Amino acid sequence: MQAPHRGPRVLRAADRAAVAWKNGGGVTREIAAWPPGAGMEGFAWRVSLADVASDGPFSAFPGVDRTLTLAEGAGMDLTVAGAPRLVDERYVPQRFPGDAPTDCRLLGGPVVNFNVMYRRGTAPADTAVVRGSLAVSCAPGETLLVVPLEGTAELAADGAATALGRYDAALARGPFIAVLDSPGRTAVVRLGDGGRQGRPGRRRNSVAGVRGL
């Protein structure tokens, strides 16, 4: 049996650079991507925070699905492939095709979105927003990403605790098991590496490997 990996890699929010959107309509701060160093056209998956300060279209990503979670602000009135999609509740993941034409109208000023993008059919991704004390895990060939969206959190594995501030991230490759203590809302994302076929976002034994304690 393969032993769990020891310790997550910590990615501090303060170390991220702001980069203009692909279409120039906003700013993104990449948290992590696979493979490491992949550009906007070559990732299997990419997780980021996006600042949206004005109305306008989202960038299109052919062959990519997107899970978007409102983290700050009043929300957005989206039109996705001609269909209305109201995003006005924080911390609720919303899934839609990243290549569908998407227009955004802000409901009450700028917003910050937690954004997970993954290649359709090749890089499965599960996103959950949780709070409290929970066991989190990922299997071999998977990556677990933990990002506090509201307040702070602590991730404990192998007797060592990692403190995370808002928008910091803990990144671990499977097999990995830890206990997450999150008084506020924290995003927990489990991602495939893009090396096998699978339905994007398919729920396996539990969403993002989360179990209540």
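The values are calculated or read from the model by the stated rules, or taken from the named source; none is laboratory data. Predicted, not measured: the structure shown is a model, and the values here were computed from it. Methodologically, a virtual Cβ is constructed for each residue, glycine included, from the backbone with ideal geometry; neighbour enumeration extends over all protein chains shown.
Remarks
- Where a residue in segment 76-93 is over 26 Å from VAL130 (Cα atoms) and its partner, wherever it lies, is of a type in the set (Gly, Ala, Ser), with Cβ under 6 Å and at least six apart: VAL80/ALA100; ALA81/ALA100
- Here segment 35-78 is the region considered, the condition is being at pLDDT 95 or above and of a type in the set (Val, Ile, Thr), and the residue that is farthest from the chain's Cα centre (by Cα) is VAL64.
- Within segment 141-189, the set of residues being among the basic types (Lys, Arg) and closer than 20 Å to ALA14 by Cα comprises ARG166, ARG185.
- Unmet requirement for VAL136, which otherwise passes all of (1) in the same structural domain as ARG166 (by TED's automatic domain parsing); (2) more than 25 Å from GLY192 (Cα to Cα); (3) not basic (Lys, Arg): (2)
- Residue, surrounded by the most Cβ atoms within 10 Å (Cβ to Cβ), within segment 168-199, restricted to residues that are among the polar types (S, T, N, Q) and modelled with pLDDT of 50 or more: THR186
- Of the strands (runs of 3 or more DSSP E) that lie entirely inside segment 35-154, those containing 1 or more residues that are of a type in the set (Phe, Trp, Tyr) and within 21 Å of LEU180 (Cβ to Cβ) span 45-52, 111-119.
- From ARG211, ARG202, residue being modelled with pLDDT under 95, over 19 Å from ALA71 (Cβ atoms), in a loop (DSSP other than H, G, I, E, B) and of a type in the set (Lys, Arg): ARG202
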